[in-house]
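All remarks here apply to the structure that follows.
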Amino acid sequence: MSTTHLRLPEQAEAVPTPAPLLRVRGLSVSYAPPRKGTHLGTGAALRDAELEVRPGEIVGIVGETGSGKTTLARATVGLVAPAAGTIEFAGDDIGRLRGRARRAFRRSGQVQLVFQDPLRSLDPDLTVAELVREPLDIAGLLSRSERQQRVAASLDLVGLDPEAVGHRRPRELSGGQRQRVSLARAIATRPRLLFCDEPVSALDVSNRNLVLNLLDRLRVELDLAVVIIAHDLSSLAGIADRVAVFYRGRIVEQGRIRAVLEEPAHPYTALLTASAPSVAQEDRLRPDQLRPAAGTPAWPADLGCVFAHRCPVAHDACAEQPAPAVVPQAPGRLVACHDAVDWRERLDHSHPQKESA
Amino acid sequence: MSSLREEPSTLEVSDLQISVADGLVAVQDVSFQIRRGESVGLVGESGSGKTLTCRAALGLLPAGGRVDAGRIVLGDGPEAVELTGARRSTWDGVRASRIGAVFQDPASYLNPSLTVGHQLAEQLRVKRGLRRREAHARTVELFAEVGLHDPAGVFHQYPHQLSGGMLQRVLIAIAISCEPELLIADEATTALDVVIQAEILALLRGLRATHGLSLLLVTHDLAVVAESCERILVMYGGQIVESGPTDQVLGDPQHPYTRALMGVATIGDWGRRRLDVIPGQPPAAGERLPGCRFAPRCGYAEAACLTGPVPVTDLGAGRTSRCVRTSASLAEAVPA
Ligand SMILES: Nc1ncnc2c1ncn2[C@@H]1O[C@H](COP(=O)(O)OP(=O)(O)OP(=O)(O)O)[C@@H](O)[C@H]1O
Ligand SMILES: Nc1ncnc2c1ncn2[C@@H]1O[C@H](COP(=O)(O)OP(=O)(O)OP(=O)(O)O)[C@@H](O)[C@H]1O
Ligand code: SF4
Ligand SMILES: [Mg+2]
Ligand SMILES: [Mg+2]
């Protein structure tokens, strides 16, 4: 009862691909500069993001902290307006909705966001049962008694006992219980697109797997499109079809998750996978091999490629930000690196101490 | 590791019992010790009482929560302070100065109307007596140490302007700023990418070596415990069910809950395509059970497990397990 066998990528590819439900194009987001006039507020939190999510697909988002992952999620549900680019949901540009149209779209509950910080996003005065029922009330879905049933069923799905927690308030729950209440709230309306910002970071492995299985089931049964932001690469590897890797406001690489994690084409992705705690892989690079060698002159701040200042193989061409491009050596992948895949060869020269495997 | 036995005690918790609203007992019979420079991992099911245990050691239980029984002693010998029932003035000398803390929900521990730099600088002025300029400089230095880009710029930002991981690093900087003896880190690296997480764990290892910092690390990431903690405590249903040296407990778990947990764990395994769960649900906080709290979900349960409370068994070599079965009878039994 408790296990799920996920589709193999080959099988997934054999299925004819439906049109994307979410299509993000050239999206940039900038927060207003802070009052005190520091230089931080001026920079864009997200730049030129391109992302497509199909019904029934799970897309993972990983990357540096502060790189714009939550910002993308907030833009998609209309909490922050794009500075440039489009966000299409089922063919409509929702980034351009204003006023009543925007409110109506948000009330419909078709796109739901599970926030990264449940304590800040859940109303402290409502009970758990009220919190989960609220989106149903707003969308005007179901009859009174059906709502009640839906609330109990949603809590049950995330592994919480409706009897035991239904009357409690967010402060009276543990961190992982709160996280699951947020998820129960988001799935109550049966959305078409679910954006989960760190949905399992506060959960023990068993509950983590329960939630991941649930997301996997929802995408199969309801053809739900799911985006999961996570730092835990191994939990994404078990469930996502594709992954997008963020660094400093840009998507630096995206593609099929196994391929990206096992054969990173961007040096930042390589640093990320190499730093994951004790991943059982023999021939992988060590994090120190993926940092600039000691004595390398510092790369000028804010020049060219966002990763150049930490890149072990940055060279003259990197003074220009590379656009995401298809690379022949890694089919089905978009990589924003002048030297995608090939940087590995340079690495060997610049780090002669690399152990021969 | 044996040399640690001679190190003085930094924190000793004995027979701790905590109740929350309406007198529900959420944590019971919890005892453990952390020695100078030692790093102890605290793991366990969501809702098992990890955060409440940490908060009790800081005198910061939620409204309605109280320590019903037990002792929490900070330090050893003449510097030892009994924290249970301590007065406000005692806590003022302990929090931040002697025990640093990073909590699960960073935003709720910061003042939303003050810049994050101001909040850390203020603490350095009050607790360490630094002058305004020194406090500012040290704050920027600490922000850089925890890997924040543009630390001077972050100084002037308000909490809501920072991402989850940036806030978490601000909290880590605040927690280590007064060079405490003990750092209680409740899910302190969960919002961080693995590159920064590795850097923060290395920073803490450094502080342990140079300052003899002791660490209580609450985490769900068993790979992090395996890498960073000498000893591990496993909690279930408000009790510590197993404890011992990390490699031994993870390599050869003795308590059926730890076994079940290891059975579903995927420590850094990317090839894994099955996501197993432990069937059933844990007891609710305060739920009274005559016997073992894991019994309803345990594949090894026998009659003795259901009738009376199960005491902690000393397994030798620094290991304990709260289970009626010994490792021999576990090996014989086929889990149901
Ligand atoms: N309300 C805001 N006002 C100003 N700046 C903001 C605001 N929210 C986020 N930022 C900035 O935007 C950038 C991206 O933040 P975002 O929250 O999207 O990061 P993230 O990738 O989700 O990071 P994490 O993994 O740490 O949660 C950060 O530099 C952050 O400081
Ligand atoms: N203020 C409160 N009122 C009532 N019950 C509470 C309160 N705080 C915590 N609890 C309950 O006490 C139990 C232990 O909570 P605690 O936060 O210590 O769990 P935890 O082990 O930290 O879990 P997690 O891994 O999910 O953070 C939980 O079942 C929780 O629901
Ligand atoms: S005491 Fe009994 S029920 Fe509890 S863990 Fe041991 S075998 Fe299982
Ligand atoms: Mg975020
Ligand atoms: Mg907790």
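The values are calculated or read from the model by the stated rules, or taken from the named source; none is laboratory data. Computed from a prediction, not measured in an experiment: that's the story for all the values here. Every residue, glycine among them, receives a Cβ derived from its backbone with ideal geometry; neighbour counts consider all protein chains shown. These accessible areas exclude ligands, DNA and RNA; they are computed on the full protein's heavy atoms, side chains included. Shrake-Rupley method; radii C 1.70, N 1.55, O 1.52, S 1.80 Å.
Here are some notes:
- Pairs, first among the acidic types (Asp, Glu) in segment B:308-324, second open to solvent by 30 Å² or more (accessible area, probe 1.4 Å), C-beta under 7 Å, six or more apart: B:Asp314/B:Thr320
- The residue list A:Leu126, A:Leu141 contains one member that is over 30 Å from B:Gly153 (Cα atoms), in contact with an Asp or Glu (Cβ under 9 Å, 6 or more places away or on another chain) and more than 14 Å from chain B (Cβ to nearest Cβ), which is A:Leu126.
- Any chance B:Ser243 is touching a residue at least 12 places away in the same chain (Cβ under 8 Å) and more than 12 Å from every other protein chain (Cβ to nearest Cβ): yes
- Every pair of residues 6+ apart whose Cβ atoms lie under 9 Å, when the first sits in segment B:37-54 and is within 8 Å of chain A (Cβ to nearest Cβ) while the second is away from ligand 2 (no atom under 13 Å from the Cβ) and of a type in the set (A, V, I, L, M, F, W, C): B:Val43/B:Leu222; B:Val43/B:Val225; B:Val43/B:Ile232; B:Glu45/B:Ile278
- Looking across segment B:159-181 at every residue that is in a loop (DSSP other than H, G, I, E, B) and near ligand 1 (Cβ under 8 Å from one of its atoms), the one that is least open to solvent (accessible area, probe 1.4 Å) is identified as B:Leu162.
- Boolean, A:Arg333 is among the basic types (Lys, Arg) and either open to solvent by less than 20 Å² (accessible area, probe 1.4 Å) or at pLDDT 90 or above (or both): yes
- Residue check, B:Asp29 assigned to a strand (DSSP E or B) and surrounded by fewer than 20 Cβ atoms within 10 Å (Cβ to Cβ): yes
- Hey, B:Leu162 away from every other protein chain (no Cβ under 12 Å) and under 19 Å from B:Gln104 (Cα atoms) or not: no
- Those residues of segment A:291-322 which are aliphatic (A, V, I, L, M) and in contact (Cβ under 8 Å) with a residue 24 or more places away in the chain, in sequence order: A:Ala293, A:Val306, A:Val313
- A:Ala186 being away from chain B (no Cβ under 14 Å), assigned to a helix (DSSP H, G or I) and away from ligand 3 (no atom under 16 Å from the Cβ): yes
- Whichever residue in segment B:99-115 is within 22 Å of B:Val30 (Cα to Cα) and not aromatic (Phe, Trp, Tyr) and, among such residues, is surrounded by the fewest Cβ atoms within 10 Å (Cβ to Cβ): B:Ala101
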